Each structure stands twice: as C-alpha cells, then as structure tokens.
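All remarks here apply to the structure that follows.
The values are calculated or read from the model by the stated rules, or taken from the named source; none is laboratory data. Note that the structure is predicted; figures quoted are calculated from it, not measured. Here the Cβ is made from the backbone with ideal geometry for all residues, glycine too, and neighbour counts use every protein chain on show. The protein model used for the area step is the full one, side chains on, heavy atoms only, and it has no ligands, DNA or RNA in it. Shrake-Rupley method; radii C 1.70, N 1.55, O 1.52, S 1.80 Å.
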Amino acid sequence: MRLLTHNMLSSNIKGVTNGFPLRIEVEKVVEKSVDFNPDFLKNMFAKIEYKALVEASRIMGYAELPDHAEPSMLESDDFLRKFHHALMELHLEEGTLVCPETGRKFPVNKGVPNMLLHEDEV
C-alpha cells in the first residue's frame with residue numbers, strides 16, 4: 001500500500017468522528033521504483049494531508065521530508081523527489097492500520113489494506 005493510498009483512507013466505523021489519519025504499525029516495508037512525474041506531484045500536493053504523510057513516512061523509516069511544506073517548495077527538484085519517494089515508492093507490504101479513535105486494527109497483507117467492517121461496526 002502506497003502512502004498516497006494511506007493518505008486517502010479513514011476509519012468508517014459507526015460513531016467514529018476522528019478516523020483520520022490511521023496509525024501505521026509496520027511489519028514489512030518495500031520500496032518499489034515508480035517513474036518520476038513532477039506534474040502529478042504538483043497536482044497531488046493540494047489534495048493530500050501533508051502532516052499525515054510526513055508522520056507515516058517516518059513510521060516507515062523515511063525521514064527526508066521536511067516537517068512543513070509550502071506550494072513554493074514544488075519548484076524544488078530536490079523536494080519533489082523526496083515527496084515522490086514518500087508518496088509513491090514506499091509501500092506498506094505487511095502490517096496494520098489502526099483507527100485513531102477506537103484502536104480497531106485493519107490488516108494490510110501483501111500490500112492490500114482490508115478495511116471491511118464487522119456487522120456491529122456498520
């Protein structure tokens with residue numbers, strides 16, 4: 001699961017008001033090379049929650065992103081490459097995603113998060 005995907009997921013358990021960001025518990029991280037596309041990154045920057053991306057990337061062992069970012073930083077090739085690596089090339093292969101409010105764990109197996117809810121959670 002890419003951190004791009006993680007940045008879009010939230011817990012939809014009945015009654016949960018704060019289901020984002022899901023906390024990551026890492027068992028296995030893999031890096032997969034992806035073509036660098038600066039235009040895609042510039043378009044995605046406004047759509048992601050940057051603070052959640054930074055926290056998730058650090059949990060996964062990548063600490064190269066600055067704590068805060070501004071749109072003007074998108075003109076820096078160095079920043080774009082670090083942003084690209086965190087967003088597109090870091091993959092949570094095995095682990096869990098944890099609801100910040102309830103502590104409910106959602107497994108991630110072979111890079112696929114299982115966000116299915118139990119009957120009493122819908």
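Okay, here's what the table says:
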| read-out | value |
| --- | --- |
| Theoretical gain in end-to-end length, residue 31 to residue 9 [0.36 nm per residue, Cα-Cα removed] | 5.9 nm |
| Of 109, 12, 43, the one that fluctuates the most in a GNM where the chain has Cα springs shorter than 10 Å | 43 |
| Residue 46/residue 115 FRET efficiency (R0 22 Å; Cβ-Cβ; nearest 0.05) | 0.35 |
| Amide H contacts of residue 20 (H built 1.01 Å from N, under 5 Å, at least 5 apart or other chain) | 11 |
| Within-9-Å neighbourhood charge of residue 21 [Cβ basis; K, R +1; D, E -1] | 0 |
| The chain, accessible surface, carbon-and-sulfur percent (1.4 angstrom probe) | 49 |
| For the stretch 13-95: accessible area per residue (Å², 1.4 Å) | 57 |
| Rg/Rh for the chain, where both radii come from Cα atoms and Rh is the Kirkwood radius | 0.99 |
